[in-house]
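> After the structure tokens below, expect a handful of questions from me.
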Amino acid sequence: ELRELPEVGAPSEEDPWLWRYELTRVARGARGSSPVALKVSSKGEIVTIKRSADIDEWYRNRPEGFEQGFAIGSRLFSSAEGPLVLRGTVTTDLTLSRASSDMVVYSRGQTEVLRYAGLKVFDAHGKVLRATLSYVPNSRGGVLDIRIDDSHAAYPLSVDPVAAVTPTPVATNT
């Protein structure tokens, strides 16, 4: 099932957990759309989900976790003002430890197990664009927004956060 492609599970069967991400909306200001999976393909270690003519979402397994990325081909909703927002729904049985503009951390009990961070956005000239995370928890997980200031960007854009499984348990102060 497509919704399970970007799922991360516990590295141990002794204490299983679930974290799943689904891109649910792409917007700027009041204009937006809910992307669908038009085509799923894989090449080597990368799985790509074609969302539209201008949006590809991709996943790559790495030793520190899975790398998620988006390739945005052109300025979407160009007649609207404000940042480009990629909104995703997170379904998880983990507890939110902390959320800031550059990282979202999940734990099981007092142990940190997953960190969504390392957000980098580049334009066609390699210019780093200002981008932030925003997370609103709910009873099933939460809503994760990636907000990108593309006001002076040359397209296409490369959006590249990483969800890293904590290799060694880290105690949290919650």
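The values are calculated or read from the model by the stated rules, or taken from the named source; none is laboratory data. Computed from a predicted structure; not experimentally measured. Neighbour counts are summed over all protein chains in view; Cβ atoms, including those assigned to glycine, are modelled from backbone coordinates with ideal geometry. Heavy atoms of the whole protein, side chains included, go into the accessibility calculation; ligands, DNA and RNA do not. Shrake-Rupley method; radii C 1.70, N 1.55, O 1.52, S 1.80 Å.
> Of these, Glu67, Glu81, Glu112, which one is out of contact with any Leu (no Cβ under 8 Å at 6 or more places or on another chain) and in a loop (DSSP other than H, G, I, E, B)?
Criteria check complete, one pass: Glu81.
> How about the stretch 84-96: which of its residues are open to solvent by 50 Å² or more (accessible area, probe 1.4 Å) and over 11 Å from Leu144 (Cα atoms)?
Listed by number, the residues that qualify are Asp93, Thr95, Leu96.
> Looking only at residues in the stretch 23-65 that are buried (at least 19 other Cβ atoms within 10 Å of the Cβ) and of a type in the set (A, V, I, L, M, F, W, C), which one is nearest to Asp123 (Cα to Cα)?
It comes out as Ile55.
> Every residue in the stretch 147-159 that is of a type outside the set (Phe, Trp, Tyr) and either in contact with a Gly (Cβ under 8 Å, 6 or more places away or on another chain) or open to solvent by 50 Å² or more (accessible area, probe 1.4 Å) (or both), please.
Across the stretch 147-159, the qualifying residues are Arg147, Asp149, Ser151, His152, Pro156, Ser158, Val159.
> In addition: Hey, Ser139 hits all of (1) touching a strand residue (DSSP E or B) at 6+ places or on another chain (Cβ under 9 Å); (2) under 16 Å from Leu18 (Cα atoms) but one; which does it fall short on?
It is condition (1) that Ser139 fails.
> Further, regarding this structure: Please specify each residue of the stretch 97-108 satisfying the condition of being under 21 Å from Pro16 (Cβ atoms) and open to solvent by less than 50 Å² (accessible area, probe 1.4 Å).
If the condition is that a residue be under 21 Å from Pro16 (Cβ atoms) and open to solvent by less than 50 Å² (accessible area, probe 1.4 Å), then Ser97, Val104, Val105, Tyr106, Ser107 are the ones that fit.
> Scanning the stretch 127-154 for residues that are assigned to a loop (DSSP other than H, G, I, E, B) and of a type in the set (D, E, K, R), which turns out nearest to Leu96 (Cα to Cα)?
That would be Arg140.
> Scan the stretch 122-137 and give yes if some residue there is open to solvent by 40 Å² or more (accessible area, probe 1.4 Å), in contact (Cβ under 8 Å) with a residue 60 or more places away in the chain and out of contact with any Cys (no Cβ under 8 Å at 6 or more places or on another chain), otherwise no.
Within the stretch 122-137, not a single residue is open to solvent by 40 Å² or more (accessible area, probe 1.4 Å), in contact (Cβ under 8 Å) with a residue 60 or more places away in the chain and out of contact with any Cys (no Cβ under 8 Å at 6 or more places or on another chain).
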